[in-house]
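Below you will find the structure I want to go over with you.
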Amino acid sequence: MLRAPLRRLWLKIHRWIGLSLGPVLALTALLGAVLVVALPIDRYAHPALFVARSAADAGTTTAALPLEPLRQRILAEFGPGTSFTLRPPRTPRETLWVYVRGPWDGTLYLDPATGAEQGRRGSHEGAYNLLFELHSSLLLEDTGKGILAFVALAYLFLLVTGLVLWWPTRWPPSLRIVLNRGLLRGLFDLHRTGGAVLGLVIAVSIFTGAYMAWRPLGGFISTAMGQELVKPPVVPKGPATGLPRLSLDELVARAQQVFPGQPIGYAQVPAKPDRPMRVRFRLPDDPHPNGIGSVWLHPLTGEVLAVRRWQDLDAGSGAVVVIYPLHTGELGGLAHQAITVLLGLALGGLGLSGIWLWWRRRAVAAAARDIALANSRTTS
């Protein structure tokens, strides 16, 4: 059992970490829970963006869209310095998504059979994009991601202080929550017991989110394990002579020869010829829903520069294959997504309840002091 002075110190540390960082934690957690639900709602509310107009009945296939004319069209509209990423349809009725990065940042939604544009959405347009950017970077881009990573690490210390304050003198501990003795007592029990029971599980969600938001964390882990970071291959310097420039269709076909018959997750087309083209595949043994296994190509000649499955990456980079679906709830299907929503709501509730308990107790203490002062003046 903690002695009174030490307990007061732990309580003060826990309280001020929670009061200073609790609102940020609560906001990001609640936004994460909302995003899990908002994603299917967004697709349902905007069928023009996500359902191909020429889609045949489910289970049928359509002719593949030529990619080279699409590339030429994108470069003609957005300029030669534009990079883009293709996300092929994953169901027979889904549109082809093109993530554009250049003078305009956003996503084009195309009919995969005809190439006709069905709509576009800028990176900062739409309710879902706004919620996602708030959740992932606080609308501050890389600076916000660093802040969220710091807040996530602070949560781990907050969890430690909370467990120290909760730690019972007798085991097994009582997890009773009293709800019939007023709101203050009920919220205190929920905050204390809920934090002890769910804290470690919530910590997984918090850490995985920070891991994805702030990429240096993966590098720190690999370095701490004594592993060399696996970096993208380098395009050989000098002009590619003796070989004609391949079309985008031929480049993708070269990549597919490495993993024949495997679905493509993304095809990342660089803006400059000194950057390699990357085609990501959704391999059967890859838990990542978008696939991490990659083929790196010379963007002009189609020379295969590197082939890497997720098992070939360093620990920090390879961990993303599990961390991403674990954080988003896609690892375990609908049940996992439901748990992810509940954990987000629980963390939001812990943060808000902690702030309310602090404010309420200050109000009660102030009222008690006023009553004592009034009584002292009356007696005098």
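The values are calculated or read from the model by the stated rules, or taken from the named source; none is laboratory data. Computed from a prediction, not measured in an experiment: that's the story for all the values here. Don't worry about glycine lacking a Cβ; one is built from the backbone with ideal geometry, like all the others, and counts go over all protein chains shown. Protein only, heavy atoms only, side chains kept; ligands, DNA and RNA dropped before computing areas. Shrake-Rupley method; radii C 1.70, N 1.55, O 1.52, S 1.80 Å.
Provide Rg and Dmax in Å for segment 244-371, with only Cα atoms included in the calculation.
24.6, 89
Specify which labelled value, from (i) 1.54; (ii) 1.01; (iii) 1.26, agrees with Cα Rg over 2.2 N^0.38 Å derived from the coordinates of the model shown.
The value matching this structure is (iii).
Counting only the heavy atoms of the protein chains, how much of residue 192 is accessible to a 1.4 Å probe, in Å² to the nearest 10?
90
Of all the Cα-Cα pairs you can form in segment 1-57, what percent are over 18 Å apart?
Summing the P(r) of segment 1-57 above 18 Å gives 64 percent of all pairs.
Could you let me know the centre-to-centre spacing of segment 79-130 and segment 148-200, using Cα atoms, in angstrom?
Distance between centres, Cα-based: 44 Å.
So what's the net charge close to residue 110: Lys and Arg +1, Asp and Glu -1, counting the other residues with Cβ under 14 Å from its Cβ?
+3
Would you mind getting me the FRET efficiency between residue 176 and residue 345? Use the beta-carbon distance for r and R0 = 22 Å, nearest 0.05.
Details: r = 22 Å, r/R0 = 1.00.
Calculated value: 0.50.
Moving to a separate point now. If you rank 145, 231 by how much accessible surface each has, with a 1.4 Å probe, what is the order from largest down? Don't skip to the answer; put the middle values down first.
Working: 145 65, 231 135 Å².
Greatest to least solvent exposure: 231, 145.
Ok, one more. To the nearest 10 degrees, how steep is helix 183-213 against the longest Cα principal axis of the chain, on a 0 to 90 scale?
Roughly 30 degrees between the two axes.
Could you size up the charge dipole of segment 1-127 around its Cα centre, putting +1 on the beta carbon of Lys and Arg and -1 on that of Asp and Glu, and report it in debye to the nearest 20? Could you put the intermediate results ahead of the total?
Values: 15 positive and 9 negative charges, 222 e Å.
The calculation lands at about 1060 debye.
Using the charge dipole of the chain (Lys, Arg: +1 at Cβ; Asp, Glu: -1 at Cβ; taken about the Cα centre), state which of 284, 51, 161 has its Cα farthest towards the positive end.
About the Cα centre, the residue reaching furthest to the positive side is 161.
Per residue and in Å³, how big is the convex hull formed by the alpha-carbon atoms of segment 57-176?
That works out to 202 Å³ per residue.
Compare 13, 339 by solvent-accessible area with a 1.4 Å probe and give them largest first, with all protein chains kept in place.
Details: 13 55, 339 90 Å².
Largest accessible area first, the residues go 339, 13.
Still on this structure: Hey, what did the chain get for relative contact order, percent, Cα under 8 Å, at least 6 apart?
That works out to 20 percent.
FRET efficiency for residue 143 and residue 11, Cβ-Cβ distance as r, R0 = 35 Å, nearest 0.05? Please list the in-between numbers first.
Values: r = 32 Å, r/R0 = 0.91.
Taking R0 as 35 Å, the efficiency between residue 143 and residue 11 is 0.65.
Right, here's the next one. Residue 193 accessible area, nearest 10 Å², 1.4 Å probe?
10
What part of the accessible area of segment 220-375, given as a whole %, is carbon or sulfur when the probe is 1.4 angstrom?
Taking all protein chains in place, segment 220-375 shows 61 percent carbon and sulfur surface.
Right, here's the next one. Where does each of 225, 212, 277 land when they are ordered by accessible area, with a 1.4 Å probe and the largest first?
225, 212, 277
Shifting gears a bit: If you average the C-alpha positions of segment 279-352 and of segment 10-49 separately, how far apart do those two centres end up, in angstrom?
21
Which one of 263, 252, 19 has its Cα pushed farthest toward the positive end of the charge dipole of the chain, where Lys and Arg give +1 and Asp and Glu give -1 at the Cβ?
19
Another one. Could you report segment 143-282's accessible area per residue, 1.4 Å probe, as an integer in Å²?
Heavy-atom SASA per residue in segment 143-282 reads 60 Å².
May I have the pair-distance distribution P(r) for segment 127-274, computed from all Cα-Cα distances with 10 Å bins from 0 and rounded to whole percent?
Values per bin, smallest distances first: 8, 19, 23, 23, 12, 8, 5, 2, 0.
Right, something else. Quickly work out the residue 167-to-residue 38 label distance, labels modelled 7 Å from Cα along the C-beta direction, and quote it in nm with one decimal.
Between residue 38 and residue 167, the simple spin-label model gives 4.0 nm.
Report the extension gain between residue 361 and residue 311 in nm, rounded to one decimal, defined as 0.36 nm multiplied by the number of residues separating them, less their alpha carbon distance.
Going from the current span to full extension adds 12.7 nm.
Here's another thing I want to ask about it. Given a 1.4 angstrom probe, what's the average accessible area per residue across segment 1-52, in square angstrom?
Accessible area per residue: 62 Å².
Quick check: convex hull over the Cα atoms of segment 302-380, volume per residue in Å³, rounded to an integer?
Hull volume over Cα atoms, normalised by residue count, gives 163 Å³.
Please determine, in degrees from 0 to 90 and to the nearest 10, the orientation of helix 127-137 with respect to the longest principal axis defined by the Cα atoms of the chain, where the helix direction is its Cα long axis.
Approximately 70 degrees, to the nearest 10.
While we're looking at this one, here's another question. Which length gain, in nm to one decimal place, applies between residue 215 and residue 193 when the Cα-Cα distance is subtracted from 0.36 nm times their residue separation?
4.6 nm
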